Amino acid sequence: MHGQQGFTLFELIITLAIAAVVVGLAAPSFSSMIQDNRLSGQSLDFVAALNLARSEAIKRRVQVTLCKSANGQDCVVDAGATNWGQGWIVFVDNNGDQIRDNGVPGDPILRVHGDLAGNNRLTGNFNFTDSIAYQPSGDTVGLGTGTLALCDNRNDDALSPAIVINTTGRPRLIQVNQSVMTCA
């Protein structure tokens, strides 16, 4: 006859205590990883919207605009606010005014993106405060170059993505410290 097999209550408590300590040590770095992945995904969403606007402008031979939008229908024009975190829309800008018109024939919406999760902020510099428009050539409309910074609530030396748009309208991602960026 063999003795009983299994754990004693004391062994189980010690094992659970060790597991709790290991999980407690891993949780802060896991939280940071989640924030980093969220920033990465959001920056890729915005770059995809820029690439869509640029390619549709070339394909349709008409101006296509990407603008801030809180409701997914209309552009938000607020000279003092540079935060794109409320969301954006990509639309065919038939009259080239960088404001979506709902009337006939109207400006059809190509893509809608809602607000950014985690209260993250996407702020544009003076060239990209309200909208980014692409000409049929693929160039941006009279803006030259510009940068949009994507920040979260850490405000530390964490690396965050920034989207740089060059004079030909092509976006690219770079990584910079949040402490160096303007994250108003």
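The values are calculated or read from the model by the stated rules, or taken from the named source; none is laboratory data. Quantities reported herein were computed from a predicted structural model and do not represent experimental measurements. Using ideal geometry, Cβ is built from the backbone for each residue, glycine included, and neighbour counts are taken over all protein chains shown. Side chains included, ligands, DNA and RNA excluded: accessible areas come from the protein's heavy atoms. Shrake-Rupley method; radii C 1.70, N 1.55, O 1.52, S 1.80 Å.
For the chain, give the magnitude of the charge dipole about the Cα centre (Cβ charges: +1 Lys/Arg, -1 Asp/Glu; no others), in debye to the nearest 20.
Working: 12 positive and 16 negative charges, 91 e Å.
Using Cβ point charges on Lys, Arg, Asp and Glu, the chain gives about 440 debye.
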Could you please state how large a percent of the accessible area of the chain is carbon and sulfur, counting protein chains only and using a 1.4 Å probe?
-> 57 percent
Treating the angle as unsigned and between 0 and 90°, give the value, to the nearest 10°, between the Cα long axis of helix 9-60 and the longest Cα principal axis of the chain.
-> 10 degrees
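Could you please report the charge total around SER160, scoring K, R as +1 and D, E as -1 over all other residues with beta-carbon less than 9 angstrom from its beta-carbon?
Residues close to SER160 contribute a combined charge of -1.
Can you check what the net charge comes to around ARG100, using other residues whose Cβ is under 13 Å from the Cβ of ARG100 (Lys, Arg +1; Asp, Glu -1)? Write out the running numbers ahead of the final one.
Details: positive: LYS68, ARG111; negative: ASP74, ASP93, ASP97, ASP101, ASP107, ASP130.
Net charge in that neighbourhood comes out at -4.
Which longest uninterrupted range of the chain lacks any chymotrypsin sites (Phe, Trp or Tyr not before Pro) assigned by DSSP to a loop state (not H, G, I, E or B) and surrounded by at most 10 other Cβ atoms within 10 Å? Mind showing how you got there, number by number?
Working: sites that count: PHE7, PHE126.
Here the longest segment lacking exposed loop sites spans 8-125.
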Put +1 on the Cβ of every Lys and Arg and -1 on every Asp and Glu Cβ in the chain; which of VAL64, GLN175, GLY24 then has its Cα farthest towards the positive end of the dipole?
-> VAL64
